[in-house]
Amino acid sequence: MRVNQFPEDIQPYLIPEPSGDLIYRCLECGEQFGIRHLLYTCPGCGHVLLLYDAGFDRLREISGTLWRKIFDYRRMLNIPALNGIYRYHELIGPILPLDSVVWLGEGHTPVVEANARLQRKVGLRFYFKNDGQNPSASFKDRGMASALSYIQYLIKQGYASDVLAVCASTGDTSAAAALYASFLHPDVKSAVLLPHKRVTPQQLSQPLGSGAMVFEVPGVFDDCMKIVEHLSDHYNVALLNSKNAWRILGQESYSYEIAQGFEYDMAGKTVVAPVGNAGNITAIMSGFLKFHDLGIIDDLPRIIGVQSEHANPVYKYYLEPDPQKRRFEPVQVKPSVAQAAMIGNPVSMPRVIRLVAEYNRRAGEQKTFVVEVSEQEIMDWQLRANRNGHVVCTHGGECLAGLVAARKSGKIAGHETAVLDSTAHALKFADFQQMYFDNNFPEEYGITPRSELINAPELVRPPDLKHVPEPGSPLAGKQLEDFVKRIAEEIAVRLDLKKV
Ligand code: F0G
């Protein structure tokens, strides 16, 4: 719909103009810095930063009701820059002119209600938000759209040129970084560091296909992270890990979309997300807090973070009920099917600690929880979800296992509604499904396949059938007839089909 066809009172708000005053603020010392240069840590004390809008008060002049209308009407626009996460421009990148926005189709992923059978099994109403349907097949595209739009803005302003974007990754960040960087090639090039043999072949193919320089490094993600931190401290590179606060801003769109999708009614809702480097859960809390601050939602949803027993530093931290006594200890990770979240020392932990405290204070009660699940539960629930019409990867399975655990321990009641983050597409992690079906998980995973969840293709090649087609040598006439009849008969026997 064209702008002049919208109700007159909404027209002035439809197309956002650059506004606001974004600044980096250090979470530790409170020092503030301008955004003309990319910063990842506080130049003063070295701690992580978040981006704040020093002009946020201007957004409070618009009522929650009007904001809801603005976002709802923007759905009807056909302006590429506003088709994705920048529907919420004022909250994500208010300083950006729309011609700097990179939109590759990310955002507004479907929220799909689980079928009745699965809901009965779990014991409450729930949905998957399919973030695996983003362009690089994971939620990371949200943050990359934000980070690369900002980089494009710096380039257009003449503040940056010949950017080399780098990241460490368990696979999905690198896929997204390489994709978005390649869109801005040759002004932006990318290099990604991956833990050797700890990303799936599908994930590895993604940055290779996008033309990134791909480095495989011995160790686990935490080791790769240390190296890119060193690179960004000592060389002229743009860091694209979620340490880069622009990534967090973009990922906040996940919360805005959930709120909008549920008509801004967050009462009785729970959002469940897997936790690895903790950028996602940071963004989810931050997003809901901003919507709440502006009166766009009246209630803050409950947030449940889920970790595997094999990579559980955040879970362990919150096991101590007394905030004064909590001490963060990184853990040594063990192999996990939720491999993208196999992180022992999450970069965003200081952000999580602050935001959890703020979230619960604002909610007036404890609304944030972290639960732990086993590798077995992750696989079993992933496969069950996918046998009921979903396309969740192991991390989506981790969410579902976490929901079940939260339900059992009374952290969520049967009358509530949950939204589970299906963070990546099932295809990215198909190898774990295959290991389950083949029953060949290395012992350290501790996974024993359940026979009812195993599946395998059956070759249909009756030994009495003399001629079968081959590529380049098709059958014809009687031979083709025999082939079709005999194979059909064999399948009918195996399926126990009755003749009509
Ligand atoms: N799910 C998937 C599919 C992921 O790729 C990740 C993180 C997570 C969950 C955990 O999210 O780190 O924000 O807490 N993947 C990163 C990467 C670390 O490099 O792709 P988080």
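Every number here is computed from the coordinates shown, using simple stated rules; none is lab data. Keep in mind it's a predicted model, so treat the numbers as computed, not measured. Counting neighbours? That spans all protein chains shown, and the Cβs are built from the backbone with ideal geometry, glycine included.
Select from region 238-292 those GluC sites (Glu not before Pro) which occupy a DSSP coil region and have at most 16 other Cβ atoms within 10 Å, ordered by residue number. Those that pass, being in a loop and sparsely packed, are GLU263.
Across q = 0.16, 0.18, 0.20 Å⁻¹, region 305-407 modelled as identical point scatterers on its alpha-carbon atoms has Debye log10 I(q)/I(0) values of -0.73, -0.88, -1.02, in the order of the q list. Dimensions of the chain based on its C-alpha atoms, expressed as ranges along the principal axes with the largest first, amount to 79, 53, 51 Å.
Where in region 206-297 are there chymotrypsin sites (Phe, Trp or Tyr not before Pro) that are in a DSSP coil and have at most 16 other Cβ atoms within 10 angstrom of their Cβ?
Numbers: sites: PHE215, PHE221, TYR235, TRP246, TYR254, TYR256, PHE262, TYR264, PHE288, PHE291; in loops: TYR235, PHE262, TYR264.
Filter output for region 206-297: TYR235.
Counting every other Cβ atom within 10 Å of each residue's Cβ, THR200, THR65 order from fewest to most as THR65, THR200. The Kirkwood radius of region 108-217, taken over pairs of alpha-carbon atoms, gives through the Stokes-Einstein law at 25 °C and 0.890 mPa s a diffusion coefficient of 160 µm² s⁻¹. If the chain linking THR448 and LYS478 were pulled fully straight, counting 0.36 nm for each residue of separation and taking away their Cα-Cα distance, it would gain 6.0 nm.
From largest to smallest, the equivalent ellipsoid semi-axes obtained for region 458-500 from the alpha-carbon gyration tensor read 21, 12, 8 Å. Each Lys and Arg Cβ is given +1 and each Asp and Glu Cβ -1; about its Cα centre, region 139-248 then shows a dipole of about 200 debye. For region 343-500, the equivalent ellipsoid derived from the Cα gyration tensor has semi-axes of 49, 17, 15 Å, listed largest first. Amide H to amide H, with H built 1.01 Å from N, VAL419 comes under 5 Å of TYR127, THR270, VAL271, VAL272, counting only residues 5 or more places away or on other chains. Any chance you could check the Cα centroid distance between region 1-62 and region 100-149 for me, in angstrom? Between the Cα centre of region 1-62 and that of region 100-149, the gap is 24 Å. Scalar couplings 3J(HN,Hα) for region 321-330, obtained by applying the Karplus form with A = 6.51, B = -1.76, C = 1.60 to θ = phi - 60°, are x, 8, x, 5, 8, 5, 10, 7, 10, x Hz; x denotes Gly and Pro. Packing, as the average of other Cβ atoms within 10 Å across residues, places the peptides 111-121, 274-284, 388-398, 421-431 in the order 274-284, 388-398, 421-431, 111-121, highest first.
Among the trypsin sites (Lys or Arg not before Pro) in region 1-106, those located in a DSSP loop and surrounded by at most 15 other Cβ atoms within 10 Å of their own Cβ are ARG2, ARG36, ARG75. Positive end of the dipole of region 458-500 (Cβ unit charges, origin at the Cα centre): among VAL500, PRO471, VAL484, the Cα lying farthest that way belongs to VAL500.
Amide H contacts for SER348 (H built 1.01 Å from N in the peptide plane; partners 5 or more residues away or on another chain; cut-off under 5 Å): GLY279.
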